[in-house]
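Q: Here it is: the structure, laid out below.
The values are calculated or read from the model by the stated rules, or taken from the named source; none is laboratory data. Here the structure is a predicted model, which is why all the values come from computation and not from measurement. Here the Cβ positions follow ideal geometry from the backbone for every residue, glycine too, while neighbour counts run over all protein chains shown. The area values use the complete protein model at the heavy-atom level, side chains included, leaving out ligands, DNA and RNA. Shrake-Rupley method; radii C 1.70, N 1.55, O 1.52, S 1.80 Å.
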Amino acid sequence: MTVGFGDTSQDRRVRVLGHPVASYPRLAPEVERGSVRRITVVGEEILRRRCREVTQFGTPELSRLVDDMFATNQVAEGAGLAANQVGVDLQLFVWDITDDWGVRHVGHIANPVLAEVPAEQRRLVEEPEGCLSVPGPYRVVPRLDRAVVRGRDKNGEPLVIEGRGYFARCLQHETDHLHGRLYLDRLAQRERKAALREMAESKEEKFARRAALAKKLGK
């Protein structure tokens with residue numbers, strides 16, 4: 001069972017791995033279990049290469065990585081986080097995001113592949129986009145307003161996750177990360193340079209805020 005594109009306007013329940021649940025805590029359980037890791041920053045080599053596929057599922061190490069990524073994403077106030085953003089060369093990302101219709105989506109996916117969206121459903125939307133590995137600046141980036149990602153959960157079970165609007169943008173953004181691409185790559189050269197200058201001016205403030213939030217959570 002997955003979340004269909006038309007479902008969220010009627011059903012406001014939280015979606016966990018695509019499934020609606022009756023109730024869900026403010027902090028995902030993974031956040032409570034996880035430890036905060038350092039987030040890599042643009043310029044580091046691991047952000048610029050295609051990540052390795054996950055081949056070992058159901059392991060304590062993979063579960064711990066998912067928990068740590070959730071905790072790291074929480075203190076960084078992110079919508080999603082890819083494994084190479086915490087220095088791990090694996091095709092894995094997590095998300096905790098509320099979409100344009102007020103529906104919260106929480107989950108993780110390994111070895112994600114973006115499905116081709118039928119031509120009649122393709123619509124580009126230009127909206128501001130940021131990145132935890134480019135702390136500070138936001139820039140307008142065109143993305144499809146619908147996305148379908150296929151992969152597996154940490155136990156190796158098949159997953160199909162569908163998103164619209166902001167959630168679709170997140171799914172595309174994080175999949176890009178695992179192919180060594182940043183949202184900066186979708187900007188014109190002048191815009192990219194301006195974003196990097198802005199990052200240089202604001203990153204220390206962002207780092208300090210993350211550290212304060214980690215301390216507040218006891219992380």
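Q: With only Lys, Arg, Asp and Glu charged, each at its Cβ (+1 for the first two, -1 for the last two), find how big the charge dipole of region 36-118 is about the Cα centre; round to the nearest 20 debye.
A: Values: 8 positive and 12 negative charges, 49 e Å.
Here region 36-118 has a charge dipole of around 240 debye.
Q: Right, another one. Spin-label point model (7 Å from Cα, Cβ direction): what's the Glu32 to Tyr138 distance in nm?
A: 3.1 nm
Q: Excluding residues fewer than 8 places away in the same chain, name every one of the lysines whose C-alpha is closer than 27 Å to that of Lys203.
A: Qualifying lysines at Cα under 27 Å: Lys193, Lys215, Lys216, Lys219.
Q: Carbon and sulfur: what percent of region 82-219's accessible surface (1.4 Å probe)?
A: Carbon and sulfur: 48 percent of the exposed surface of region 82-219.
Q: A follow-up question, please. Is it possible to state the helix-based mean residue ellipticity at 222 nm for the chain, with each DSSP H run of 4+ residues giving -39500 (n - 2.57), the sum divided by total residues, to the nearest 500 deg cm²/dmol? What is it?
A: -9500 deg cm²/dmol
Q: Using protein chains only and a probe of 1.4 angstrom, how many square angstrom of Arg38 are accessible, to the nearest 10?
A: 150 Å²
Q: Quick check: residue separation of Leu124 and Glu198 times 0.36 nm, minus the Cα distance between them. What number comes out in nm?
A: Once the chain is fully extended between Leu124 and Glu198, it gains 24.0 nm.
Q: Measure off 7 Å from each Cα along the Cα-to-Cβ vector at Tyr24 and Gln56, then give the distance between these two points in nanometres to one decimal.
A: 3.0 nm
Q: Here's a follow-up. What FRET efficiency comes out for Thr98 versus Ala212 if R0 is 25 angstrom and r is the Cβ-Cβ distance? Round to the nearest 0.05.
A: Computed FRET efficiency for Thr98 and Ala212 comes out at 0.65.
Q: What is the Cα radius of gyration of region 119-219 over 2.2 N^0.38 Å, N being its residue count?
A: Scaled against compact globular proteins, the figure is 1.27.
Q: Tell me the Kirkwood hydrodynamic radius of the chain in angstroms, computed as one over the mean inverse distance between distinct C-alpha pairs.
A: The Cα-based Kirkwood calculation yields 17.6 Å.
Q: Still on this structure, I have one more. Hey, what's region 65-219 come to in accessible area per residue, 1.4 Å probe, Å²?
A: Solvent-accessible surface per residue comes out at 44 Å².
Q: Once you place label points 7 Å from the Cα toward the Cβ at Arg64 and Val41, how far apart are they in nm?
A: 2.7 nm
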